[in-house]
Structure formats: structure tokens, C-alpha cells
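Take a look at the structure set out below.
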Amino acid sequence: MRRTVRAVGAASAERVWQRYVRTACWPTWAPQIRAVEAGTELRAGMRGRVVPVVGPRVDFVVEAVDHEARTWCWRVRVGPVRMRLWHAVRDRAPFGAEAELRIEGPAPAVVVYAPLARLALRRLVSQGSGGRAR
């Protein structure tokens, strides 16, 4: 199954992209992520794990990163469940940015993950610091 989610916000596309490429930033805008065990900046071939707030760790491999186009793709795995996620960040006229995520995987996993992803993208493109509210 494939599903695409998007969010538009006041943060600049460059700021949004920097929040994406710096893995230490992920927990500040993705409320489902507690930590990331990986290199500090996205690069093709990078392997790591996402430590969720709830549930098992998620292994991942970054397949591609295009800094100029502000796109990246990765594969994630939790046990037997495998998904592929494509990310893009675009400028939004007259200001702000749009973040887009295409999710591909087993229907139950995609249906469960899409609302969490939408919330995370909204936080990613917001003008604020993206700090986690607890």
C-alpha cells in the first residue's frame, strides 16, 4: 500500500531540511521518536536505529540523499515488517515550506503510521523550535 502525507508551515525550506538531515533533531519534531542511533547527518548508505517512545527499535538504511533537491529515501524494518519512505521538502510561496512523505509497505503498518507521520511533519514545518511537549 502507498500513502502520501504532507504538511505546510512557516519554517523556511532550508530550516526544515536541516531538521531532517541532522538525526539528533528528529526527536524534537517527531513525537514518536525518543532517540536515533546513527551518524549525525543523513547520507546514502547510512545504517542506524530509531528508538521509539513505545515499541521495538526500528532498523533503517538510508538509500539516497539529494541535498540540492532536498529529498531523501530510506528503508525501515521492525521484525518482519518492512517499509520504504520517500521524503521531500519544497519552498512554499510566498514563504514557508512543504514537507511531503510517501509511505510504502503493508497496509496495516501504513494505516497506523500515516497519522503519526502527519503530526511529525506538521511539527517539522512549524516556525517554532520543534521542542517536544511532554
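Table for the structure above
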{"read-out": "Single match in 78, 58 (criterion: modelled with pLDDT of 95 or more, hydrophobic (A, V, I, L, M, F, W, C) and in contact with a strand residue (DSSP E or B) (Cβ under 8 Å, 6 or more places away or on another chain))", "value": "58"}
{"read-out": "The stretch 16-69: number of residues that are touching a Cys at 6+ places or on another chain (Cβ under 6 Å), closer than 15 Å to residue 85 by Cα and part of a helix (DSSP H, G or I)", "value": "0"}
{"read-out": "Residue 111, sole failed condition from (1) closer than 22 Å to residue 2 by Cα; (2) part of a strand (DSSP E or B); (3) not small (Gly, Ala, Ser)", "value": "(2)"}
{"read-out": "Verdict on residue 40 being β-branched (Val, Ile, Thr), surrounded by 16 or more Cβ atoms within 10 Å (Cβ to Cβ) and under 19 Å from residue 16 (Cβ atoms)", "value": "no"}
{"read-out": "Count of residues meeting criterion [assigned to a loop (DSSP other than H, G, I, E, B) and out of contact with any Gly (no Cβ under 9 Å at 6 or more places or on another chain)] in the stretch 92-108", "value": "5"}
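The values are calculated or read from the model by the stated rules, or taken from the named source; none is laboratory data. Given the structure is predicted, the values throughout are model-derived calculations rather than measurements. All Cβ positions, even for glycine, are placed from backbone atoms using ideal geometry, and neighbour counts span all protein chains on display.
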